[in-house]
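Take a look at the structure below.
The values are calculated or read from the model by the stated rules, or taken from the named source; none is laboratory data. None of the values given here were measured: they were computed from a predicted structure. Counting neighbours? That spans all protein chains shown, and the Cβs are built from the backbone with ideal geometry, glycine included.
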Amino acid sequence: MEEVIREIAIKNRLRYGQANPKKVLGIFLSENPEYKKKAKEILPKIEKIVEEINNIPEDEFKELSKNISLESKKKERELILPNVKDKVVLRFAPNPSGPLHIGHARAAVLNDYFAKKYNGKFILRLEDTDPKRVLKEAYEMIKEDLDWLNVKVDEVVIQSDRLDIYYKYGEELIKMGKAYVCECNPEDFRELRNKGIPCKCRDRDIEENLELWKKMLNGELKAVVRLKTDIKHKNPSIRDFPIFRVEKTPHPRVGDKYVVYPLMNFSVPIDDHLLGVTHVLRGKDHIVNTEKQKYIYKYFNWNMPEFIHYGILKIEDTVLSTSQIYEGIKKGLYSGWDDVRLGTLRALRRRGIRAEAIYKIMIKIGIKQADVRFSWENLYAINKELIDKEAKRYFFVWNPKKMIVKDAEERVIKLRKHPDREDFGVRELFFNGKIYVVNDEIEENKMYRLMELFNIVVEKVEDDKIIAKYHSDDFKIARKNKAKIIHWIPIDGAIKTKVLMPSGEIKEGLAEKDFNEVKEDEIIQFERFGFCRVDKKDNIVVCCYTHR
Ligand code: GLU
């Protein structure tokens, strides 16, 4: 963080002659909105750094700032692919075990971004070679999710359509003496392997291997096929790793037609080669897999694609595990794949997060080597820029309690539906002395300001209602008396509303009568409460909370 602040301070001095702590703070917060809540704590740090920078003698400063261009930030952000020669071919290769979540969005967006940028091709490859981890509905759900993200798919490839291709290349490796059928039980193999000792199956001759391979394919033999790598490789997991295994669980798509399935480190390089993939973008967690896959390229004498490993994106505070979600749905713990507590794209969409915001944040995160923490605050800040311009404003009173206001004349309050959009028109609130307010620690004999209306003094707090009295109109009086501003809506015409919070909590309340005009899927802002997406309009309107 200090490095970032230093750089901003240097640029600020470069631009204005002297760096200004408040300006530096403003720039820092606009680039890192997740620190907004900590602005007070950061300011002294910034002041210290700014003072240091301002005290650097002119010639020393010139030297220091030589490599800092005022435009450098922009350049850094431009994403490029290395070694682009002819047509760029990229692929996004999720496992169809459920719909996509925010973690998948990174690979999907980056591949799409580069495919569009270089006029290349984008392949969606559904990696369904583990029958136990396939969900039939996921094939369609993934396509819908990509469509929503505005990712343009040029070709769809499904690995379970290609098992015969994998068999053909597997058999070739056996014939080349580069792969062998291994019947050892996995624990025994692991023990030998960890000591760097080959198992008894490694030296079997090719004919015998081919016979056993046929038996595997017929379902007569439960064994694995291993690739001959380096039995003394410094990473034990790379020593003769398996490339095929027997799995008799019926496949949700191809049924029980096949019992032998390739493992990822075999099917992936075969497909990447055959489909002409030029650049493989994947996380650093795949580095060992890449190393394994390179053996396949070497044995077949194939050109390797460019492998790009980006840092891990740590996503906290949300449930992403597909199997955990699926179990939860079956048990009734989650309402479905779009339950607002989840990190699936459909849950975020339901909450009112725009696909464009997700696309933008993934481009911003980019393909840096360093691990990064995913900032929900950043996503919300980007999303807010998109929805703030369009969201109509309404009053919402949660946990409502009746209030009778005495001694006040009836009036009609006209408020804009959007502060900057005159064309959205106005909404009207009829005040006739009977209102609802948020039942939130309202005390007797205290002054309050009814938002956009006038000041009142509370006389009595009863179980079912509050009795208050008109005091004055002037906002200054409210301020002088430190009166809390409270929300209110007229009792007549109030609309029953439920807001589903991201935590799963439901806030029940009432919205003003003009809220009636909103449409399903519209994003609105309940003033001082937050943005919400209208999920369902029945006799009770259900909204999903977006963010503040
Ligand atoms: N299906 C694999 C995954 O989602 C593919 C990864 C890759 O090869 O980039 O982890």
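The table below lists the values:
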item: Strands (runs of 3 or more DSSP E) contained in region 371-474 and holding at least 1 residues farther than 22 Å from ASP514 by Cβ; result: 400-406, 447-450, 455-461, 465-472
item: Candidates ILE495, ILE486, ILE506 - the one that is surrounded by fewer than 15 Cβ atoms within 10 Å (Cβ to Cβ), of a type in the set (Val, Ile, Thr) and free of Cβ contacts under 8 Å to residues at least 60 places away in the same chain; result: ILE506
item: Residues of region 422-440 satisfying the condition of being over 37 Å from the mean Cα position of the chain (by Cα), charged (D, E, K, R) and over 13 Å from LYS469 (Cα atoms); result: GLU428
item: Close pairs from region 272-287: first in contact (Cβ under 8 Å) with a residue 60 or more places away in the chain, partner within 11 Å of the ligand (Cβ to nearest atom) and in a loop (DSSP other than H, G, I, E, B), Cβ under 8 Å, at least 6 apart; result: ASP272/PRO305; VAL277/PRO305; THR278/PRO305; HIS279/PRO305; VAL280/PRO305
item: Sole residue being touching a residue at least 24 places away in the same chain (Cβ under 8 Å) and surrounded by 19 or more Cβ atoms within 10 Å (Cβ to Cβ), chosen from LEU386, LEU379; result: LEU379
item: Residue in region 94-107 that is closer than 27 Å to VAL372 by Cα, of a type in the set (Ser, Thr, Tyr) and within 14 Å of the ligand (Cβ to nearest atom) present; result: yes
item: Of residues in region 161-193 being in a helix (DSSP H, G or I) and touching a Leu at 6+ places or on another chain (Cβ under 8 Å), the one farthest from LYS132 (Cα to Cα); result: LYS175
item: Answer from ASP271, ASP285 - the residue that is within 13 Å of the ligand (Cβ to nearest atom), crowded, with 21+ Cβ neighbours inside 10 Å and closer than 26 Å to LYS132 by Cβ; result: ASP271
item: Unmet criterion (only one of (1) crowded, with 16+ Cβ neighbours inside 10 Å; (2) within 13 Å of the ligand (Cβ to nearest atom); (3) touching a residue at least 24 places away in the same chain (Cβ under 8 Å)) for ILE312; result: (1)
item: Any chance GLY17 is surrounded by 11 or more Cβ atoms within 10 Å (Cβ to Cβ) and free of Cβ contacts under 8 Å to residues at least 12 places away in the same chain; result: no
item: Residues located in region 1-20, provided they are assigned to a helix (DSSP H, G or I) and closer than 26 Å to ILE382 by Cβ; result: GLU2, GLU3, VAL4, ILE5, ARG6, GLU7, ILE8, ALA9, LYS11, ASN12, ARG15
item: Single unsatisfied condition, THR290 versus (1) among the hydroxyl-bearing types (Ser, Thr, Tyr); (2) buried (at least 16 other Cβ atoms within 10 Å of the Cβ); (3) within 30 Å of SER503 (Cβ to Cβ); result: (3)
item: Residue count, region 475-517 (criterion: closer than 27 Å to ASN445 by Cα, β-branched (Val, Ile, Thr) and modelled with pLDDT of 95 or more); result: 3
item: Where a residue in region 83-109 is over 26 Å from VAL340 (Cα atoms) and its partner, wherever it lies, is of a type in the set (S, T, N, Q) and within 11 Å of the ligand (Cβ to nearest atom), with Cβ under 6 Å and at least six apart; result: LEU90/ASN111
item: Inter-residue pairs, beta-carbon under 8 Å, first more than 19 Å from ILE325 (Cα to Cα) and in region 116-138, second in a strand (DSSP E or B) and more than 15 Å from the ligand (Cβ to nearest atom), 6+ apart; result: LYS121/GLU155; PHE122/GLU155; ILE123/GLU155; LEU124/GLU155
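Residue by residue, here is whether (1) of a type outside the set (D, E, K, R); (2) exposed (fewer than 15 other Cβ atoms within 10 Å of the Cβ) holds:
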site	(1), (2)
VAL438	yes, no
LYS460	no, yes
ILE467	yes, no
LYS476	no, yes
ILE491	yes, no
GLU517	no, yes
LYS536	no, yes
ILE540	yes, yes
HIS547	yes, no
